[in-house]
Amino acid sequence: MRIKVFPAVMGALGIAISLALLLTPVSSKFSDPCGSVLVPTKVHYSDGGELVYANTPPCHDARMARLPSGLVVGVAGIAVVVVSVVVDRRRD
């Protein structure tokens with residue numbers, strides 16, 4: 001089986017960039033820690049008089065804003081890796 005090296009490296013780079021996007025902590029306009037898309041940080045906050053231990057709504061919105069770009073880059077990277085492996089397969 002032959003693998004095209006350049007597309008495979010570019011696909012692996014796309015997957016690495018996607019992981020970096022999804023694992024880098026996001027920031028909101030508030031001072032509470034948000035964490036990353038894949039590993040959110042939970043804090044205690046008041047929601048209508050009830051104390052809640054969860055990710056705050058501004059952090060949730062900031063995390064969800066980064067999610068589509070990370071997914072698109074990751075899916076494109078996986079597709080390029082698969083194509084680089086499958087394209088040059090020879091049938092015996």
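When only C-alpha pairs under 8 Å and at least 6 residues apart count, what is the relative contact order of the chain, in percent?
On the way: 134 pairs, mean separation 39.4, N = 92.
Rounded, it is 43 percent for the chain.
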Give me, ordered by chain and number, the residues 5 or more places off residue 35 or on other chains with an amide H under 5 Å from its own placed amide H.
26, 41
Under a plain spin-label model, where a point goes 7 Å from the Cα along Cα-to-Cβ, how far apart in nm are residue 78 and residue 2?
2.8 nm
For a quick check of your reading of the filter: which trypsin sites (Lys or Arg not before Pro) in segment 24-92 sit in a DSSP loop and have no more than 16 other Cβ atoms within 10 Å?
29, 42, 89, 90, 91
Have a look at 48, 14, 70 and tell me which one the Gaussian network model of the chain (Cα, springs below 10 Å) gives the largest fluctuation.
48
Counting pairwise Cα distances across segment 1-86, what percent come out greater than 19 angstrom?
50 percent
Residues of segment 48-72 with amide N under 20 Å of a point placed 7 Å along Cα→Cβ from residue 32
48-67
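Per DSSP H run of n ≥ 4, the term is -39500 (n - 2.57); total these for the chain, divide by its residue number, and report the mean residue ellipticity at 222 nm rounded to 500 deg cm²/dmol.
Details: 2 runs with 49 residues, N = 92.
Calculated mean residue ellipticity at 222 nm is -19000 deg cm²/dmol.
Here, each number is a calculation from the coordinates, and none is a lab measurement. For clarity, every value in this text was computed on a predicted model and none was experimentally measured. Counting neighbours? That spans all protein chains shown, and the Cβs are built from the backbone with ideal geometry, glycine included.
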